1. Helix 14-25: angle to the longest alpha-carbon principal axis of the chain, degrees 0 to 90, nearest 10?
2. Would you order 179, 323 from fewest to most other beta-carbon atoms within 10 Å of each residue's own beta-carbon?
3. What is the ratio of the Cα radius of gyration of the stretch 147-299 to 2.2 N^0.38 Å, with N the residue count, to two decimals?
4. For the pair residue 296/residue 333, report the inter-label distance in nm, with labels modelled 7 Å from Cα in the Cβ direction.
5. Taking 8 Å as the Cα distance limit and 6 or more residues as the minimum spacing, I'd like the relative contact order of the chain as a percentage.
6. Rounded to whole Å and sorted largest first, list the principal axis extents of the Cα atoms in the stretch 69-185.
7. What span do the alpha-carbon atoms of the stretch 42-126 cover on each of the three principal axes, reported in whole Å from largest to smallest?
8. Could you check the simple spin-label distance between residue 94 and residue 26, using points 7 Å along Cα→Cβ, in nm with one decimal?
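No lab work stands behind these numbers, since they all come straight from the coordinates. Treat the numbers as computed from the prediction; the structure is a model and nothing was measured. Cβ placement follows ideal geometry from the backbone for every residue including glycine, while neighbour counts extend to all protein chains displayed.
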Ligand code: NAP
Ligand code: GDD
């Protein structure tokens, strides 16, 4: 049987690394799209030992001509569009670029598929950020969207475009509405990785303390390794569809700090309120966590909480890794760096 061929955009990112590994194990030919930079940044593929198994092509969401050519010449069975300006906080500083890459970039891909490769199936990385602050207990595929960041608005633009290309042009495209998912390969600036990395630095006396913003935001956190399986499953369905992928439990950022602190050898007590709140290590009485105003966002989702019953039913997908296990995996991986 001919091997399937997949293009994964944003190949230098967290999910792309795990997805590449997953597809290689299924005997796919994996091509990775990386945008041009002074220095290639494929440390995650290296960490998984798969860098040499992936062909890298140049891929920038802003470059319409190159996207058309890549998709026309590539003859891909599947494209996983994981590339994005993925930082919610940075999207407030750079809304134009965020929209161009995350919204128009997806239209560039859809147009190339429509014109040159109509049989190619597309997975689009949508986000729970699109819901905004809704007053439903949990969010599923029928919950309405009220995005409150330039990032969320750009992702929703792309999400709706996918729906349009699916119905108007019969293109097989699926939108995965994924809730937060993290791992040892998470980017340093996302809160989970920042907490784990910096708590350990404090423990090793390389940093006096860690600064955080809103520690009362609640997020539905899962493990990236589990979530990439759902991406693949979506494209193997008979009919293209949208799916929520989530853990179905949420925790505050403060709970994440407490759990990571335990793994790293701190026992935290909290004193003070608002900007003066502090996390103090009971044993040494040292201040480990402080709050910083600059790290708050202009607008913020208070709580995300996904319901992935549809994925469970149709994709037979359920999350395997629970919150405490995820924190442990991340802390142990960070500790190994110092070993
Ligand atoms: P990530 O680690 O931040 O990776 C994002 C990737 O996009 C990087 O490879 C980055 O390349 C690339 N990229 C950025 N701008 C680009 C552009 N203009 N053209 C081409 N590539 C570009 O993200 P992730 O956590 O793996 O997430 C994957 C996707 O899922 C993203 O679209 C994200 O928005 C979405 N998502 C993530 C989560 C989550 O919790 N992880 C949840 C919902 C949705 P550089 O190395 O060059 O910067
Ligand atoms: N990054 C960061 N840094 N976040 C902080 C900090 C801090 O110092 N202090 C508190 N937070 C809070 C944020 O305000 C937010 O409520 C929460 O921690 C999680 O922030 P991030 O880890 O940056 O992730 P995110 O939820 O904004 O976005 C991630 O998940 C989305 C899915 O809902 C990204 O991966 C997005 O690309 C993804 O779509």
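1. Result, in degrees: 50.
2. 323, 179
3. In units of the 2.2 N^0.38 Å rule of thumb, it is 1.31.
4. 3.2 nm
5. Value for the chain: 16 percent.
6. Per principal axis, max minus min of the Cα coordinates gives 42, 30, 30 Å.
7. Extents along the principal axes: 37, 36, 21 Å.
8. Label-label distance for residue 94 and residue 26, simple model: 3.2 nm.
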